[in-house]
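Trainee: Handing you this structure, nothing more for now.
Coordinate-derived values only; no laboratory data. Fair warning: this is a prediction, and the values are worked out from it, not measured in the lab. Using ideal geometry, Cβ is built from the backbone for each residue, glycine included, and neighbour counts are taken over all protein chains shown.
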Amino acid sequence: MYNAKAVITGIIVFTVLCTAPFWVGLAGKDYKSTGIVLPKDEKKCIESVEFMRKDHMRLLNEWRDEALRGENRVYTAEDGKKWSISLQNTCLKCHSNYKEFCDKCHTANSVYPYCWTCHILPGESK
Amino acid sequence: MNKSRRSFLKVAGFSVFALSSGIVAQAAVPGTANAKLAPGSYAKGDAALRARRWAMVIDTRKFAGPRDYEPLMEACRQEHNVPSIPDARNIKWFWLDSYEHTFPDDMNAHLDTKTREAAYPLLCNHCSNPPCVRVCPTQATYKMEDGIVAMDYHRCIGCRFCMAGCPYGARSFNFKDPRGFLPNPVPNPSFPTRMIGVVEKCTFCAERLAMGKMPACVEASEGRILFGDLEDADSKVRRALAANFSIRRKPSLGTQPGVYYLI
Amino acid sequence: MLEKLLSAPKTYYVWLGFLLCLIAGCATVYWQQLQTGLSITGMNRDVSWGLYISQFTYFVGVAASAVMLVLPAYFHHYKKFKRMIIFGEFMAVAAVVMCALFIVVDLGQPQRMLNVMLHPTPNSVMFYDMMVLIGYLTLNIIIGWVTLEAERLGVEPPKWVKPLIYLSILWAFSIHTVTAFLYAGIPGRHYWLTAIMAARFLSSAFCSGPSILLLLVFLVRRLTGFDPGKDAVKTLSTIIVYAMCVNVFFYVLELFTAFYSQIPGHAEPIVFLFAGHDGHLAWVSYWMWAAVAMAFISLAILIPPSLRTHPVLLPLALVMLVAATWIDKGLGLLIGGFTPNMYESITPYMPTVREVIVALGVYAIGALVLSILWKIAIGVKQEAGNFSD
C-alpha cells in the first residue's frame, strides 16, 4: 500500500470523528428532561402515554388519511372514549400551550414540523 | 480496466437495475394502505350527513343579480378562510362570472338579455369523472365514496397538473402565502388555512357534512341552492331536476359535473 | 476516465468557473422563489404552467434525440456515427438533468417531490414521466460510460451492454411520447387535445436535438480539432431535414383540422398565437411569426444538398431551425394551451425576468454537465486515436 501510515492514521481519525457522538454520549451525563408542561385540566390523552410519546406523529398521519380520504372523522380510543378527529379542534383543545408542550420536545429533538403554516394555534396572533 | 473494477461495475449496474425495478415493483401496487397503527377504531360521526353521490342544484332564476350571491360568497370565504388576492392569482372557491364565460358552448348572440347579463356562480363541479384526479401524480386529490372530489393539502407537491386538467378553472394555486391576505385572527379559527405552493379548491364543505350541516353556500342561499343525493330519486335535487330544465358546464367533455344550473 | 478532466487548457477551467458563478447567481434568485413562492414568475391562475414546464418539454426532446445517432449505428450498423455517438448520449444525460431540474423549480412544494414515488399513481402521466426519465438517465450514463471505457481500451464494448442499447432506443421514443401524453390527454385544452401531439413532439425533437448536437460538435471542432467525420455530418443533416419537413407537415395538419372544421375551440389558440386578439398582436405573435420565417428559411437552405453541405450556411440554418422549434415548443405550446383560458377569455402570460434567470441557471447546470462529460469523451478519443481522420 502506498503511504500506509498516512492512510491508516486517516482512517482511524475519520472513524473516531464519525463515531464521536456515540462516545460522547456514552461518557456523558444522564438525559435531561425537556421540561415539557402537561395540560392541567386533563389527566389522560386519547391513548396511553407510551403510545402517544412514541407514535403521536404516525397517529396524526393516520387520522389525517382516515378523516380526509375515508371521511371517518370519529376515533374510538381503546378505552371506548370517542374523539372527533381534528388536530386543531381536538388535540389543541387540551394541548393549548404549544410553546411549552409541542415546541419543548420538538426543539430538543431538532424536529421542526410545519403544521402551523396551515393549522391555527389557539390564541395565535402574528 | 482491471478485473476488480470491471466486476465492481457489473455489481453496481445490477444493483442499480435491481433498485430501480424494486421501485417499479412497488409502484405496481398502488394505494397499499399501511397496517393500522392506532389501537382504536375509526367511524363516521352519528350526525354525519351521508349520500351515495352528493350533487348541487343552483336555481339561478331566484337570484336577482350579483349582489344576491354576495352573502354566499362571503359565507364560503369566512368558513374556509379563503383569502382575497386582487389579481390573476386569486384564490377562488365560489365566485361569479358571465353566462358567456360560464357556459361558453351554449352561447348564442341572440340569447335573451336577462340570461345573458345575469351572473352565475362557479365552483368545483365535483365531477363523477374528474380529470384533476386522473392527472394528480401523488393522489393529493381524490374522489371520495360520496362523490366529493377532495384534496389533501399535506401531500400536494404544487405541480399544478390538476389546474391544467380542470376544464372549469375550479382550482387555485397559492402563489403567495395566503395568510398575508387574511385578517388576523382568521375568520374561522376552527378551520385551517392553506400554505404557499399548494393547490386548493371547493370541498363541497365535506367537514360540515360530517357534522350534519349543509354546505356554507347552501345554508346562506336560503333555499335557492339545493344539495342532496343524486342517486336518491326522492331527494330534493332529483325532484328539482325532474321538474325543471337544467344545464351543466361543458357536458361534452364527459366529466359528469355534479353541479346543475336551473336557468 | 475522470483524470481527463485534470489535463485541460486554462480556458476550460475558466469556462467551468464562469458556469459555476452563473449557477450560483441564478441560485440566489431560485432561493428567492423558495421564500416568496412562484409569485416571482409570470404565471397565474389561468396560465398555470409557463416557461419552466415548456423548457422541460423541449429538453425531453433533446434527450430523446440521441436516438437519431444510436438507431442508425446499432440497428443499421452505420459505422460512421460511431465516433460521434458518445456525444449524443452524453448530451442526453445533460438534457435529462435539465428536465429534472425544470420540474423541480416548477414545483410549489419541492421538498415533497418524492411523494410521487411514495404514493405511486399509475393513472397519472406525470408519474410515468418521472419513471421513464430516471430510467433514461440511468441507461445513458451506463451505456455512455461503458462504451467509452471500451473505446479507451481499444476493445469491443461488453456484450451485456447491447440489450441496454436496444432498450434505450425504444426508451427514447417512450420518454417523449409520455411527455406528449402529459398534454394530449387533457380534456378542455383545445390546443393540446390532439392525437398527433406525440408525433409532433418526436418530429420536432428529432430535428432540433441533432441540430443542437451538430452545432455543439462544430464548436468543439473549432476549439479542440475533434472531427466528427464528413459523412457523419452529412448523414445527420439529412436526418435533420427529413425530421424538420415532417415537423412542419404535422403542424400544417393541425392548421387544416382547426381551420377547415372551423370549430372555434380548435382554431382560437392558433389564432391567438399568430394574430393576438381584439386586433392586437400578443407579444408571442411576433415570436411565432419569426419561428415560421426561420423554419422555412432553414428548410430552404437544408433541402438543396449543395447548400446543406456549405460550411457557413449549414450552421446558420441549424441555428434558425433550433430557434424555430424552440419557439414552437418552448413558447407556443404552453401559451397556446392556456390561451384562451377555460372561460374562453384571455389571461396574458409573459415570463418575468426572475423566471428567465432561474431557467438560465438550469441551462447553466446543463452546460456544466455537458462540458464535463464531453471533456472526458474528447480526452478518451484523443488517447484512443479516434479524434479525426
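Trainee: Quick test of the membrane-span-like rule: which DSSP H helices of chain B reach at least 18 Å along their long axis (C-alpha atoms) with mean Kyte hydropathy at least 0.0?
Mentor: Taking the DSSP H segments of chain B (at least 18 Å long, mean hydropathy at least 0.0), we get B:3-27.
Trainee: Let me ask something else about it. Averaged over its residues, how many other protein chain Cβ atoms are within 10 Å of peptide B:183-190's Cβ atoms?
Mentor: Mean partner-chain Cβ count within 10 Å for B:183-190: 3.
Trainee: Identify the GluC sites (Glu not before Pro) of region A:1-95 meeting these criteria: DSSP loop state and at most 13 other C-beta atoms within 10 Å of the C-beta.
Mentor: When the GluC sites (Glu not before Pro) of region A:1-95 are filtered for loop state and at most 13 Cβ neighbours within 10 Å, A:GLU42, A:GLU78 remain.
Trainee: Shifting gears a bit: Starting from the Cα of C:MET1, step 7 Å along the direction of its Cβ; do the same at A:THR76; then give the gap between the two resulting points in nm.
Mentor: 6.6 nm
Trainee: Farthest toward the dipole's positive end in the protein assembly as shown, which of C:HIS190, B:ILE148, C:LEU133, given Cβ charges of +1 (Lys, Arg) and -1 (Asp, Glu) about the Cα centre?
Mentor: Comparing the listed Cα positions along the dipole, C:LEU133 ranks first.
Trainee: A further question follows. Sorted by average packing, counted as other Cβ atoms within 10 angstrom per residue and highest first, what order do C:316-324, B:183-191 take?
Mentor: The packing order, highest mean first, is C:316-324, B:183-191.
Trainee: Students often get this wrong, so check it: of A:LYS82/B:LYS213; B:LYS176/B:LYS250; A:LYS99/B:LYS36; A:LYS44/A:LYS93; C:LYS79/C:LYS329, which have C-alpha atoms separated by over 24 Å?
Mentor: In this structure, B:LYS176/B:LYS250; A:LYS99/B:LYS36; C:LYS79/C:LYS329 exceed 24 Å between Cα atoms.
Trainee: Could you work out the mean count of beta carbons from other protein chains within 10 Å of each residue's beta carbon in B:197-205?
Mentor: The mean count of partner-chain Cβ atoms within 10 Å per residue comes to 2.
Trainee: Please report, in debye to the nearest 20, how large the charge dipole of the protein assembly as shown is about its Cα centre when each Lys and Arg carries +1 at its beta carbon and each Asp and Glu carries -1 there.
Mentor: 1860 debye
Trainee: What 222 nm value per residue comes from the helices of the protein assembly as shown, counting each DSSP H run with n ≥ 4 as -39,500 (n - 2.57) and dividing by all residues, nearest 500 deg cm²/dmol?
Mentor: Value at 222 nm, helices only, nearest 500: -17000 deg cm²/dmol.
Trainee: Turning to a different aspect of this structure: Using amide H atoms built in the peptide plane, which far-off residues or other-chain residues are under 5 Å from A:ILE85 H to H?
Mentor: A:VAL74, A:TYR75
Trainee: What average count of beta carbons from other chains do you get within 10 Å of the Cβ of residues in B:40-51?
Mentor: Across the residues of B:40-51, the mean count of other-chain Cβ atoms within 10 Å is 5.
Trainee: A further question follows. On a C-alpha basis, how far is the centre of region C:47-104 from the centre of region A:44-121 in Å? Whole number, if you could?
Mentor: Using only Cα atoms, the two centres lie 48 Å from each other.
Trainee: Just to confirm the number: angle between the C-alpha axis of helix C:197-224 and the first principal axis of chain C, 0 to 90 degrees, nearest 10?
Mentor: The angle comes out at about 40 degrees.
Trainee: For region C:1-160, what does the alpha-carbon gyration tensor say about shape, rounded, prolate or oblate, given a ≥ b ≥ c as the root eigenvalues, a/c under 1.5 as rounded, and a/b over b/c as prolate?
Mentor: Oblate is the answer for region C:1-160, as a/c is 1.5 or above yet b/c matches or exceeds a/b.
Trainee: Another question about this same structure. I want to verify the translational diffusion coefficient of the protein assembly as shown in µm²/s; compute it with Stokes-Einstein, Rh as the Kirkwood radius over Cα pairs, at 10 °C and 1.306 mPa s.
Mentor: 54 µm²/s
Trainee: Show me the ranking of peptides A:11-18, C:155-162 by mean Cβ neighbours inside 10 Å, starting with the highest.
Mentor: With the highest mean Cβ count within 10 Å placed first, the list reads C:155-162, A:11-18.
Trainee: Take the alpha carbon atoms of region C:263-296, find their center, do the same for region C:109-144, and report the distance between the two centers in whole angstrom.
Mentor: 34 Å
Trainee: Measuring from label point to label point, each 7 Å out along Cα→Cβ, what is the C:GLU383 to B:ALA43 span in nm?
Mentor: Placing both labels 7 Å beyond Cα along the Cβ direction yields 7.3 nm.
Trainee: Would you please give the residues with an amide H less than 5 Å from that of B:GLY40, counting only those at least 5 places away or on a separate chain, with H modeled from the backbone geometry?
Mentor: For B:GLY40, the qualifying residues are A:GLU78.
Trainee: Sticking with this one: Would you list C:GLU3, A:GLU100, B:GLU219 from fewest to most Cβ contacts within 10 Å?
Mentor: Least to most surrounded, the residues fall as C:GLU3, A:GLU100, B:GLU219.
Trainee: Which angle between 0 and 90 degrees, to the nearest 10, do you get for helix C:353-384 versus the longest principal axis of chain C when only C-alpha atoms count?
Mentor: The helix C:353-384 is inclined about 20 degrees to chain C.
Trainee: Next question, about the same structure. Return the long-range amide H neighbours of B:GLY258 (sequence gap of 5 or more, or a different chain), with a cut-off of under 5 Å between placed amide H atoms.
Mentor: B:HIS126, B:CYS127, B:SER128
Trainee: With each label point set 7 Å from Cα along the Cα-Cβ vector, what nm distance links B:ASN108 and A:ALA4?
Mentor: About 9.8 nm, to one decimal.
Trainee: Taking the 0 to 90 degree range and rounding to the nearest ten, how far is the long axis of helix A:49-69 tilted relative to the main principal axis of chain A, both from C-alpha atoms?
Mentor: For A:49-69 against chain A, the angle is about 60 degrees.
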